Structure formats: C-alpha cells, structure tokens
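Below is one structure, written out as structure tokens, with a few remarks after it.
The values are calculated or read from the model by the stated rules, or taken from the named source; none is laboratory data. Just so it is clear, the model here is predicted, and its values are computed rather than measured. Note that we place each Cβ from the backbone using ideal geometry, even for glycine, and neighbour counts take in every protein chain shown.
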Amino acid sequence: MDNKPNNEARPPRQNNRGNGRGGRQNNGGQNNQSGRSAGRPDKSGEKRSGVSRGAAVRAQKRTQMDAQRVANQYMPAAADESRRANFIDDSPRLKIIGLGGMDGGGSKNMMLVEYINDAVIIDAGNDLSVDLPGINYGIADTSYLEQIKHKLRAYVITHGHLDHIGGLPHIVPKFPAPIYGSKFTIGRVEEIFENFGLPMPDGFELQTVTMNEDTHERLKVGEFYVELVRITHSIPGSTCVVLDTPVGRIINTGDFRFDPNPLDHERSDIERLKELGNEGVLALLSESTTVERMGRTPSESTIEQSFIDIMQQAPGRIFIGLFSTNMNRVQMIVNAAIHHNRKIAMDGRSMVSTLEMAVRHGFMKVPKGTFVPIANVASMKDEEIVVVCTGSQGEPSSALQRMANGEHRHIKLKEQDTVVLSSTPIPESGNDALVGVMVDNMVKKHVHVFEARNHELDKVGPLHVSGHASQDEYAEMIQYTKPKFFIPIYGAYRVKQRHIDLAIEQGIPRANTVNAVNGEVIALTTEKMEIIGQVPSGTILVDQTGAVVNNIVVKDRVLLAEEGLVAVVITVDKRNGNLLTSPDIISRGFIYMREQEELMNGLRNEVRRAVQQRFKRIDLDRFKVELKDHITHYLFEQTQRSPIVIPVVNVIGGKTESAKTVHQTKTKSAEEVAAEQQERFQKMRERLLTQDARVD
Ligand SMILES: [Zn+2]
C-alpha cells in the first residue's frame, strides 16, 4: 500500500478513535450508560437493593471479554487453538501460504512459497493500523517458520513500503536468509535496518542482493528462479516478483497501478508481463487493495500542473504534506520549486532518511543548493520557501501538526502561509478526524489550506492520485499474464472476493480461484489448486522501542483504559483479625475520589465488614479472592462499572513475621514490638500510597 505515512514511532493512542474499536458498543448498554455517577451508598450497609451478585459477575465478565476481544483482533498464534495447527506435508506440491496480508486491510504482507526442501518469502511487512494502547505496529506471527527454517533460501521484496518490509528487522535475524530486491527497495531495506530501535543479535549480518529489473535478470534461489518486473506504484523501484518453480511459474504483483505517464518515465514493463504470460503462468497472486474502484487510476503526471499553479498563486511560504516515501512526488515538487525560484526545506525524520537514500542512489535529480536546512527557514523570505514534510494524515506528532500547533522548533504557521495536503486520509483509519482537527487549527490562523479531497472546491487541479490500480488495470494484469490459477492477495477478504469475480469475468474458471485467509495452505500441482491445511498465523504486537508486547499485557491495558483501577490496601492483625487502620483506597482512571466521599466511605465500610466476617475463617489467598469479588460487586452495584480491583492485604503479627523479627521479639517488650510494627507499617503504607498504581 502507499498509505503508511512513515516509520516514526506513533505517540500513545489518542482518544478520538474510540468508536473504531469493535466490541465496546456491544455490551448490552450496561457499561456505557451516560450518567454513570455513583449511586447512593446504603447508609446502613445492611441491605442493598438493585444489582444481584450474578449481574455483577456477568458484567465484569462482559467487560473482560470486551477487552479481550479488542486485544484479540491482533493475537499471536499461540493464544488461539484454531490458529495453532501443526501442519506437515512433504508431498511434491507447491505450497503458497499467506502468513500476513490475506485479511484485514491488507498489511503486514507476507507470502511464503514452499516446495519440498526449498522455501522463499515474498515481502515481510508490518501493520501500522493496529490501534491498541502503547502498540506501534503488528507483524506476522512466524511460528511456522521454526519448522521449515532449514528450507528458507531468500526473502524477495516487491517494493519498499513498510507494509511490505517493516517486519524484516524482526523476522530476518530469527530466520536468516539473503534479501532480494530492486536497487531502491534494497536501499529502503538497509535504511530500516539502520534505523531499527533494537540491536541486532550477535553474529547477524544483513545480506542483500540487488537485482536489475530492466535486464530481466534471473537468479537461482534453491530450486527456484527469481526475476523482478518493473511496475508503477507510489514508490520508486516497485516490481512484480516472478518465481519459476518446478511446478510452474508464479507471479506476485506487489502493489501496482499501470501509470502510462509516470514522472520518472519508468513505465510498467507490460511487454515482459505479456511475454511471461505467453510462456505460461501457473498462478497469479495479485494485490487487491482497491479492486472496488471503477475505471482507471489517473496518472501521477495529472497533478504536476496543480503544484505549479499553487506555487504561482501562493503569497507566502508553502508547506506540502505527503507520504514519506513518495519520492517521485517530491521530485515533482522540486521541479516546480526550481521553476518558481523557491528553495526547499524538508522535515520529518523518515522522509529525510528516505530522501538521502534516494539521492545517494541517483533516484532523485536535485541541483546543488535546492535544499536548505529547516532551521534556515525563519531567516528567509517567505516567498522563497517550500517546506516538504510528513503529516498529511494528521498524525499527532508529525512535523506539520507541530507547526500547526506552534510546537515546532523552527517554524510556526502564520497568516498568508499555504498548506497543501497531498494525500487523502486512509479509509477506516480514523485519520479523517485527525486531519479535520489539524485543518481547523490552520484555518483559525488564517492559513490557506488545500486538501486533496477539496481540490474542485478550491478550483485547483488534483493534488493526489492513488498508487494502486482501479478495476480496469486489475483486469489487464490478468489479461497480460494469463494465469491458470488466480489467488487474490494483500487485501480485505470481501475485496479479494470482488477480485475473484473480476478474474472470472476475465475467463478464469471459478474452480481455479481461491480466497484464502492468513495461515491457509494453498497446494498447487500443474492440474489442481486446493487448500490442504492451516499453519499457525496471527499478529505479534510491537511497541515504540521495537520490543514485542505480550497479548495479556495489552488486554490489561485495554481494561485499565476502559474501566480504570481500584487498589484497596488493608492491614490486619493476625492474632485477632482486626483492621489496624482504616482501609486505604487508591484509584486511577475510575472516578475522582474527592468528589465521591460517600462512595469511598461506603467502600471502606464494605471492606471492614468483609474483614470481620471472613478473615479469620479462611486462608489468606482465599480471603484475597473473596475480598476482590466483594469489592468488585460493591463498586458495580454503586457505579455500574467494573474497574480492575487489586486487594493488598498486609498481615501483621504471628507467623508472617520474618525470623529476625521473631528473634527480636524475645528480647523486647510487647509495647516495643507493637511500636516497631506500627512504624514499619506506616512506612509501607506511605510507600504504597505514593507509588504510581499503574501496573503492567
Ligand atoms: Zn505499496
């Protein structure tokens, strides 16, 4: 896809996406009622009306299931029986397995091709759309590779977008093999390994093989031959991957469109696709991102004039936000800026990094002196400046957002500035709202804003075109390659189904198509294609540092975020079962305690009662469990909410004292011992009360 803006760590989740999360609305309305204020704690503490214990338990279960469901949208194979199947098949069939990219929106794209003793992985991306607290992105679960890692000969990469390469720094060190790709793609691969947050394991060395897609070079990889075919997309160096196997030829299109007039004049190599088709293609694996779009995608060159026009009219500085890897469009802006005697400053770490790589490898033509450091912008004349930056999706920490909010080190947007958003918000991402807030802030400052979606309203030409094909081009890909079998990949299930319909219209028999999901094993002979099993599949979650985060931790975070936490700290005298002080209550994200004195007093009374009634009758572990249930029940009854409840029970006196203390007690009076205990307890209590109650 072309829609992953950059590889910078995302800030903690903003709260404006809440509705995109499945499950939460669907809890019978119990937890989401407005006016969730605390009820009336019963003064007598004796009889309580309203919610039964069963209802409280059910409500808590529902809350936990909701959190689980949110967290489980992204789950490793080990957490789910159905995705853990142990698949072994040594028959001489070609096996194609989508470890990622076969459902959801088509991200963390990763296809495995396996034949007897050889295997090749095509693409290994990440999924930046994961919307969970503290999670930066997801990668494909690679448990299955443990079984076959001795077979792995290569990673072959279609193009350098993160949803096709972002998983590599996690996966390749565990399952080492050389990475094959075009010059630009390999440049991108090296870039993301260099910028990866965590150190590589000892002895790991990144091996890359740069292939020439213009000469139709073919390299032997195990039992396979690999070839790249040039294709147009929204990043330079995009290719189809051709894999000749003992069973037959397969083609993975990667992301593509057929742009007849690309800015870099590097058209799709349609002649080669036709040749390959004439020689015979066993299976076409075609990306499916925008199969639902009719007609043809307009050429990138249709937007060139729009930039020239805007630069002509803009009274002051110009800021252009776009996807960080879209170097052809940056080249377009460079050309227009030179034409209008403007200098260019660039901001956004990921974009600068990709530009440096593109210039180093000769993909960009930039005359000396065209670029100026972003720090110089403030001292230059307004009409001499174009700033190219990330942030066209309204990402909260992006360069453009910081400039709009006045938080940028060098630049604050002001009246007479012009901002061009040269992308459209990614569908279903929640970015729509983010962009809206950002544009509002700009308009309040009297900045001229050109949004791609409003270009007709603003009476300028188009400001963005998609990097993906529309229906006619998807159909042409099938016509050119004439495959026997058709496998839609890299897209949502429903969209892949449309792709199958399209293939059938192009003459592919329905029996020769398959809509497989992640983990399903597609087996191919020259005569037959069928799904023969399932390997483990799922999502591994990664945080801002690049470290993997356990699914259980994420579930707790979701619960904490939705319901908050209440810790109750009590200290009980072992000998007589009496509370030594009033229970301490710590809450985070639940209710504001100072405004709920009544509820807090009621809760303290409940805790006292529970201690009196139960502490001496049952063992400590059992007591903690019952106390937790009791508090949960009480809080639900009063507030209709089920926070995480953590009881902390300190027992003083008797056997729980350390040996040393017991020894000391022999030489001290009972009063002294009591005073010491009291002091220790005070310290512990202070510690507990001052520490942050957030737990992971
Ligand atoms: Zn892409």
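Sub-7 Å Cβ pairs linking a first residue in the stretch 147-159 that is assigned to a helix (DSSP H, G or I) to a second residue that is more than 16 Å from the ligand (Cβ to nearest atom), at least 6 apart or interchain, are Ile148/Glu114; Ile148/Ala119; Lys149/Phe175; Lys151/Glu114; Lys151/Asn117; Lys151/Asp118; Lys151/Ala119, ordered by first then second residue. Of these, Gly181, Gly138, which one is of a type in the set (Gly, Ala, Ser) and either more than 16 Å from the ligand (Cβ to nearest atom) or more than 27 Å from the chain's Cα centre (by Cα) (or both)? None of the other options fit; the residue is Gly138. Just so you know, in the stretch 243-258 the residues that are buried (at least 24 other Cβ atoms within 10 Å of the Cβ) and either assigned to a loop (DSSP other than H, G, I, E, B) or β-branched (Val, Ile, Thr) (or both) include one that is farthest from the ligand (Cβ to nearest atom), and it is Ile250.
Inspect the stretch 467-475 for any residue being more than 30 Å from Ala523 (Cβ to Cβ), away from the ligand (no atom under 16 Å from the Cβ) and touching a residue at least 40 places away in the same chain (Cβ under 8 Å) and give the result as yes or no. Within the stretch 467-475 (the criterion being more than 30 Å from Ala523 (Cβ to Cβ), away from the ligand (no atom under 16 Å from the Cβ) and touching a residue at least 40 places away in the same chain (Cβ under 8 Å)), the answer is yes, since at least one residue qualifies. Residue selection: Glu598 satisfies the criterion of being in a helix (DSSP H, G or I), surrounded by fewer than 16 Cβ atoms within 10 Å (Cβ to Cβ) and touching a residue at least 40 places away in the same chain (Cβ under 8 Å).
A Cβ distance below 6 Å, combined with a sequence gap of six or more or placement on separate chains, defines the contacts here; from the stretch 389-403, residues that are within 12 Å of Val435 (Cα to Cα) reach residues that are part of a loop (DSSP other than H, G, I, E, B) and among the β-branched types (Val, Ile, Thr) in the pairs Ser398/Thr390.
A quick yes/no check of all residues on (1) in contact (Cβ under 8 Å) with a residue 60 or more places away in the chain; (2) part of a loop (DSSP other than H, G, I, E, B); (3) more than 16 Å from the ligand (Cβ to nearest atom):
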{"residue": "Ile235", "(1), (2), (3)": "yes, yes, no"}
{"residue": "Pro260", "(1), (2), (3)": "no, yes, yes"}
{"residue": "Glu271", "(1), (2), (3)": "no, no, yes"}
{"residue": "Lys274", "(1), (2), (3)": "yes, no, yes"}
{"residue": "Gly277", "(1), (2), (3)": "yes, no, yes"}
{"residue": "Thr297", "(1), (2), (3)": "yes, yes, no"}
{"residue": "Ser306", "(1), (2), (3)": "yes, no, yes"}
{"residue": "Ile310", "(1), (2), (3)": "yes, no, yes"}
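Taking the numbered list (1) closer than 29 Å to Thr63 by Cβ; (2) crowded, with 17+ Cβ neighbours inside 10 Å in turn, Thr513 passes all entries but (1). Say whether the condition of being among the polar types (S, T, N, Q), modelled with pLDDT under 95, surrounded by 22 or more Cβ atoms within 10 Å (Cβ to Cβ) and not in a strand (DSSP E or B) is met by at least one residue in the stretch 477-486. Scanning the stretch 477-486, I find no residue that is among the polar types (S, T, N, Q), modelled with pLDDT under 95, surrounded by 22 or more Cβ atoms within 10 Å (Cβ to Cβ) and not in a strand (DSSP E or B), so the answer is no. Residue count for the stretch 498-519 satisfying the condition of being out of contact with any strand residue (DSSP E or B) (no Cβ under 8 Å at 6 or more places or on another chain) and either of a type outside the set (Gly, Ala, Ser) or not in a loop (DSSP other than H, G, I, E, B) (or both): 8.
Does any residue in the stretch 507-535 that is farther than 18 Å from Tyr493 by Cα come within less than 6 Å, Cβ to Cβ, of a residue that is of a type in the set (Ser, Thr, Tyr) and outside any loop (DSSP other than H, G, I, E, B) six or more places away or on a different chain, and which pairs are these? Every condition considered, the pairs that remain are Val535/Tyr144.
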